[in-house]
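What follows is a short report on a single structure.
Please treat every number below as a calculation from the coordinates, not as lab data. Note that the structure is a prediction, hence the values are computed from the model and not measured.
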Amino acid sequence: MFSERGRSAHCGVKRLANVPETTVGYLLGETADKDLLKDPAMLKRLNEIGKMNKEDKTHILHVLDGFIKSVKFKNIVAL
């Protein structure tokens, strides 16, 4: 998959991401949020959802979206 040089660069980027407490995606400019997906528990949940069949995944994401909207609305009302 990786050439020897590519493997070395890949490993180097992964080690570099651990030093400043950031993510590889942030270092590569894929996101402006340096803390995006650093929570291992959230990553585990997302990986589990990713393994599900399309119908189950759709239902779970629909419920999750509903909870997120509810919390955002609650925070707006609290202002």
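Laid out as a table, the results:
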| item | result |
| --- | --- |
| Segment residue 55-residue 70, length gained on full extension (0.36 nm per residue, minus Cα span) | 3.1 nm |
| Segment 39-79 shape via C-alpha gyration tensor axes, a/c threshold 1.5 | oblate |
